[in-house]
Amino acid sequence: NGVIRSYPLVTWFEKLISGEPGVFSPETLAQHWQFTNTVEGHPTLFAIVISAGYWISDGWLPAPVSYRFGPMVFFAVAAGAVFYRMAREYSMTVAIGTMVAICGIPRLFAHVHFASHDSPLISCWMLAWASFGSARMHWRGVFSFGFVLGMALR
């Protein structure tokens with residue numbers, strides 16, 4: 001399952017943060033970053049979101065919930081970005097209505113709580129849409145739009 005596949009990323013980031021030498025060696029990267037070429041081809045971003053949630057919440061949330069923490073936070077950030085764009089371009093009422101509509105989509109709210117592929121993908125598309133407004137207004141916004149669109153396509 002995704003939780004077991006994601007765990008090597010947790011240990012790699014712990015090695016990176018602790019300053020352990022050789023974290024960028026081909027052997028260490030092959031051991032810890034098994035995605036896209038050796039394990040079923042799942043995108044690495046999804047595993048990073050799940051692993052980050054586990055790593056951040058490991059001490060205070062039980063194991064099933066700690067793996068779901070990353071996708072939930074990522075979705076909350078994406079929803080906040082959509083809310084911000086709607087409030088800025090239209091009104092607070094439209095932004096609140098948008099959030100009610102998004103959270104009312106059948107099964108969407110449930111799926112963003114799972115440690116699966118659906119939540120990070122939905123979140124990336126929402127971030128891409130939210131950042132498109134700044135990309136239309138200024139050339140510097142193109143970089144943030146390109147980054148989050150790349151995350152969605154990865």
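Some values worked out for this structure:
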read-out: Residues located in the stretch 94-114, provided they are among the small types (Gly, Ala, Ser) and open to solvent by 30 Å² or more (accessible area, probe 1.4 Å); value: Gly97, Ala101, Gly104, Ala110
read-out: Verdict on Ser91 being polar (S, T, N, Q), out of contact with any helix residue (DSSP H, G or I) (no Cβ under 7 Å at 6 or more places or on another chain) and free of Cβ contacts under 8 Å to residues at least 40 places away in the same chain; value: yes
read-out: Cβ pairs under 8 Å, 6+ apart, first in the stretch 1-20 and of a type in the set (A, V, I, L, M), second outside any helix (DSSP H, G or I) and modelled with pLDDT under 75; value: Val3/Ala115
read-out: Residue in the stretch 56-66 that is touching a residue at least 12 places away in the same chain (Cβ under 8 Å) and polar (S, T, N, Q) present; value: yes
read-out: Scan of the stretch 128-144 for residues that are touching a Ser or Thr at 6+ places or on another chain (Cβ under 9 Å) and either in contact (Cβ under 8 Å) with a residue 40 or more places away in the chain or open to solvent by 80 Å² or more (accessible area, probe 1.4 Å) (or both), ordered by number; value: Ser131, Arg140
read-out: The stretch 45-81, subset modelled with pLDDT of 90 or more and touching a Leu at 6+ places or on another chain (Cβ under 8 Å), residue most open to solvent (accessible area, probe 1.4 Å); value: Val77
read-out: Pick from the stretch 23-44, criterion more than 26 Å from Pro64 (Cα to Cα) and surrounded by 10 or more Cβ atoms within 10 Å (Cβ to Cβ), ranking: modelled with the lowest pLDDT; value: Ala30
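The values are calculated or read from the model by the stated rules, or taken from the named source; none is laboratory data. This structure is a prediction, so every number in the text was calculated from the model and none was measured. Here Cβ is always computed from backbone atoms with ideal geometry, including for glycine, and neighbour counts include all displayed protein chains. These area figures cover heavy atoms from the full protein model, side chains too; ligands, DNA and RNA do not enter into them. Shrake-Rupley method; radii C 1.70, N 1.55, O 1.52, S 1.80 Å.
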